[in-house]
Amino acid sequence: MDSGRPGSSARGTAAPAGRQEKTGGAPVQRQVLGLDGLRGLAALYVVLFHCWLYAFPGYPDSSAPGWLDGLMFGRLAVVFFLVLSGFSLAIAPARHGWRSDGTRRFLRRRAWRILPPYWAALAMSLAVSWFVVPASHVGPPTGTSLLVYGLVAQDVFTAPTPNGAFWSIGVEAELYLLFPLLLFVRRRWGAAVLLACVALPVIARGLAAPGAVPVEGDNWLAPHLAPVFVAGAIGAGVVVAPDRVRRLPWGWLAVLAAAPVMALGVIHGSVWTVRHYFWIDLAIAPAMTMLLASVATGRPAILVKLLTARPVRGLGDFSYSLYLIHLPIVLAVMRRAAPHVVPAGLPTFWFTLALALPVSVLGAWLFSRIFEMPFKRDRSWNSMRAPGRARQGQWPGGRVVVEASDG
């Protein structure tokens, strides 16, 4: 979600491969290779998840065949987006003593990067919901929906949604507002204190719930998901860590961290896993962070090579657009076209997958060229009007940086 996001390009400042500059005589990597590819694959999985979700009613105990259960964990893809978002955004501050280049500038650049494509996708989603197919069972969006979603306040206020994927954009927006404060705590008191500040209240709430299984609503999810975002931000410290830390087998550590969570899922089943997302989100975040640390340090090389291959990297370039616009396309195909061609159930799933997936990918590519890429490439209206001007930001003191963006 970009997806984000969900949600966005991942240019940072580290990795064992990529362009370098010198700072104080030492070479400094300017781009983390592979993060865009991870984001693209996660966005693609979300598309598959929604094709599965709407083809088989009854989620999470749906009528889908068991061999498709691997497609039912769309929530975890969004959690990964949030971990990746925190990681990407924290790379540049990590290189500068966990300092940002100013709260106002950070928020302006986030808004510039995230809001234009989001508002364009909102307009598209409203049109589809009003004139083609509603985005939810409660009916088409209302004037309240326009206000709430236009202000990106959907995690705070409830209104009929124009696009079911937009919930995570509201969560990300709240986390962006908190990000400068999170950096301050990380700089002043360290990673352990920062993690404790966001994780302990969430754990306490979970333990206090009946049966220690909180029931989540449609909004107010940002407090629960803040720890996974912070886990990613803390993990970005690997880009400036000593060699002995960078050389740790982060890929294998990620596997070891994920193994108990996956074992629980296998033992109790996929339905149990979905119903315990409150705890699964927190439990899987360390493994996701270690995976990002592995890629950021260039290992395993075969994975980095896959993630930087042109098709995967290209998918990552417009993954935010894919996340934003795919669901109206999926619903239009499934609810309006499929009933006239194939029976319900598995045939509808295959029909939707065959038609909506390529249309979503191609549509997102075109959408990104119009509504996303200009805002990734240029930092202001003046820069857009003057393509020859320098487009990179500068850190206070004149140091050139590449912003880490979650897209």
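The values are calculated or read from the model by the stated rules, or taken from the named source; none is laboratory data. Remember, it's a predicted structure, so these values are computed and weren't measured experimentally. No Cβ is skipped: glycine too gets one built from the backbone with ideal geometry, and neighbour counts run over all protein chains shown. Ligands, DNA and RNA are stripped out before the accessible areas are found, and what is left, the full protein with its side chains, is counted by its heavy atoms. Shrake-Rupley method; radii C 1.70, N 1.55, O 1.52, S 1.80 Å.
A few comments on the model shown:
- Rounded to the nearest 20 debye, dipole of the stretch 325-387 from Cβ charges on Lys, Arg, Asp, Glu: 200
- Packing here is the average count of other Cβ atoms within 10 Å per residue, and on that basis the peptides 200-213, 309-322, 264-277, highest first, run 309-322, 264-277, 200-213.
- Heavy atoms of M384: accessible area, 1.4 Å probe, square angstrom to 10: 50
- Whole-Å distance, taken between Cα centres, linking the stretch 217-281 and the stretch 165-211: 14
- Extreme residue, positive dipole direction of the chain, given options A344, V185, G269 (C-beta unit charges): V185
- When +1 charges are put on Lys and Arg Cβ atoms and -1 charges on Asp and Glu Cβ atoms, the dipole computed for the chain relative to its Cα centre reaches about 1760 debye.
- Coil-residue chymotrypsin sites (Phe, Trp or Tyr not before Pro) of the stretch 65-158, DSSP, other Cβ within 10 Å capped at 15: F157
- Around the Cα centre of the stretch 136-264, unit charges on the Cβ atoms of Lys, Arg, Asp and Glu (plus for the first two, minus for the last two) sum to a dipole of about 640 debye.
- Area accessible to solvent at S368, 1.4 Å probe radius, in Å²: 0
- Accessible solvent surface per residue of the chain, calculated while the other protein chains remain in place, 1.4 angstrom probe, Å²: 44
- Ellipticity estimate at 222 nm from DSSP helix runs (n ≥ 4, -39,500 (n - 2.57)) divided over the chain, nearest 500: -19500 deg cm²/dmol
- Accessible carbon and sulfur surface of the chain relative to its total accessible area, %, 1.4 Å: 68
- Listed values [x] 22, 48, 26, 3; [y] 27, 60, 13, 0; [z] 24, 57, 17, 2, entry calculated as P(r) over Cα pairs in 20 Å bins from 0, in percent: [y]
- Note on E172: accessible area is roughly 10 Å² with a 1.4 Å probe, heavy atoms of protein only.
- Candidates L76, L291, V238 compared by Cα position along the dipole of the chain: farthest toward the positive end lies V238, with charges placed on Cβ.
- Sorting 161-169, 347-355 by their mean Cβ neighbour count within 10 Å, with the most densely packed peptide first, gives 161-169, 347-355.
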